[in-house]
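Novice: Before anything else, here's the structure in question.
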Amino acid sequence: MKWLNGYRMRLVGVVAVIVLGSGYTKADFNFGKPTPIEATINSGGHPWFDCISSDGLELYLDKPINGKAMSEDWDLYVSTRPATNDPWSIPVSLGSPVNSSSLESFACLSSDDLELYFVSTRPGGEGGSDLWITKRPTRSDPWDSPENLGPTINTSNDDETPWITPDGLELYFSSTRSGGYGEDDIWISQRTSKNDPWQTPVNLGPVVNSTKSDAHPCLSPDGLVLFFSDYAYTSGGPFRPGGLGLSDMWMTRRKSITDPWEPPVNLGPELNSNTQDPQPRLSPDSSILYFTSWRSGGPAYGFNIWQAPIIPIVDFNGDGIVDAKDICIIVDYWGTDNSLCDIGPMPWGDGVVDVQDLIVLAEHLFEEFPPSEPVE
């Protein structure tokens, strides 16, 4: 993507935008400085962030039951809050029948919050780590007994880190099954409707998957941005080219849901450290990127859950302030697909410049930024 001025190149945070061929771009955005989420969640014990409910009131995580990061026994936990501006409660184990004496981890909620996909090594699977699903009739009901997703999805190898799309028709996950390009690859299975069976998974291919381990997929609501992380099992690698640590977060984009994924880009040194930074996950409104990290600065030793705001670039003319001139630029491109002004719904844009973009711009009116440098 072409940056319009020097100021944008100096924005705090790593710029997460990609050129998508033939000049195609989507909304410009960058990440703010990562910070640990509150101490009730990061209270030690190596928590990993899994997902948040659609209303932002339930946070699911997993952590080892003995508090040791290399443990083989992990359980799923949930933290709740009355409103999105309230603090999170102390996480509580999901208990039986979701948790068992085996490993349970990497949970992902459906968009209606009534289905929970997760990983388990419990008996009754196809071997290794399998993908399972548990359901509940309503949000106030307990989770039912989990069901294995079956031999179409699961193999005798490790099948892990699920991510279900909002329409429930695509399931992304990682697997060590044969036919991949590395130790773990990201695969996708589709179905025609929620009542239809899952189809044979398809590998995302060598553009997304590398010769090492690629996992923890997370798709943006519009299906055009895919976050994921790579992982080196030892400090000696192998590492995905361009990485910064033992595990890095990456993103790739595509022009439409029928177009191929573009080469992934590293989210950069603001989000990725020289240690482990896996499992990127979006907040329900896509304004925050959550992830797990072993970096220093967390409230507890080892893994902590971190968050970084996703910030739209709204100083369209680069004059150092968001004002009437920027509003005029939106008006000039009203009704078009101009990527510079397509900032709403935040931060992805929706392919048209309209009132949604004006609302996002209004939230930043009269904010000042460092003076821009001349465009060359």
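Novice: For the subset of segment 197-233 comprising residues that are among the small types (Gly, Ala, Ser) and either surrounded by fewer than 17 Cβ atoms within 10 Å (Cβ to Cβ) or in a loop (DSSP other than H, G, I, E, B) (or both), which member is modelled with the highest pLDDT?
Specialist: GLY205
Novice: Every residue in segment 72-103 that is out of contact with any Asp or Glu (no Cβ under 9 Å at 6 or more places or on another chain) and hydrophobic (A, V, I, L, M, F, W, C), please.
Specialist: Matches in segment 72-103: ALA83, ILE90, VAL92.
Novice: In contact with a Ser or Thr (Cβ under 7 Å, 6 or more places away or on another chain) and of a type outside the set (A, V, I, L, M, F, W, C): does that describe PRO87?
Specialist: Yes; evaluated as a whole, the condition is true for this residue.
Novice: In segment 174-196, which residue that is touching a residue at least 40 places away in the same chain (Cβ under 8 Å) and in a loop (DSSP other than H, G, I, E, B) is farthest from PRO241 (Cα to Cα)?
Specialist: THR176
Novice: So which of GLY349, GLY335 is surrounded by 20 or more Cβ atoms within 10 Å (Cβ to Cβ), small (Gly, Ala, Ser) and either modelled with pLDDT of 90 or more or within 30 Å of SER273 (Cβ to Cβ) (or both)?
Specialist: On inspection, the qualifying residue turns out to be GLY349.
Novice: Would you confirm whether any residue within segment 69-92 is among the charged types (D, E, K, R), at pLDDT below 95 and surrounded by 15 or more Cβ atoms within 10 Å (Cβ to Cβ)?
Specialist: Within segment 69-92 (the criterion being among the charged types (D, E, K, R), at pLDDT below 95 and surrounded by 15 or more Cβ atoms within 10 Å (Cβ to Cβ)), the answer is yes, since at least one residue qualifies.
Novice: Here's another thing I want to ask about it. Return the pairs, sorted by first residue and then second, in which the second residue is assigned to a strand (DSSP E or B), the first residue lies in segment 152-173 and is surrounded by fewer than 17 Cβ atoms within 10 Å (Cβ to Cβ), the beta carbons are less than 7 Å apart, and the residues are 6+ apart or on different chains.
Specialist: Close Cβ pairs (under 7 Å, with a partner that is assigned to a strand (DSSP E or B)) amount to LEU169/GLN190.
Novice: Quick check: is even one residue across segment 112-127 assigned by TED's automatic domain parsing to the domain that holds SER213, closer than 18 Å to PRO217 by Cα and assigned to a loop (DSSP other than H, G, I, E, B)?
Specialist: Looking for residues that are assigned by TED's automatic domain parsing to the domain that holds SER213, closer than 18 Å to PRO217 by Cα and assigned to a loop (DSSP other than H, G, I, E, B), one finds none in segment 112-127, hence no.
The values are calculated or read from the model by the stated rules, or taken from the named source; none is laboratory data. Computed from a predicted model, the values in this text were never measured in an experiment. Virtual Cβ from ideal backbone geometry, glycine too; neighbours counted across all protein chains shown.
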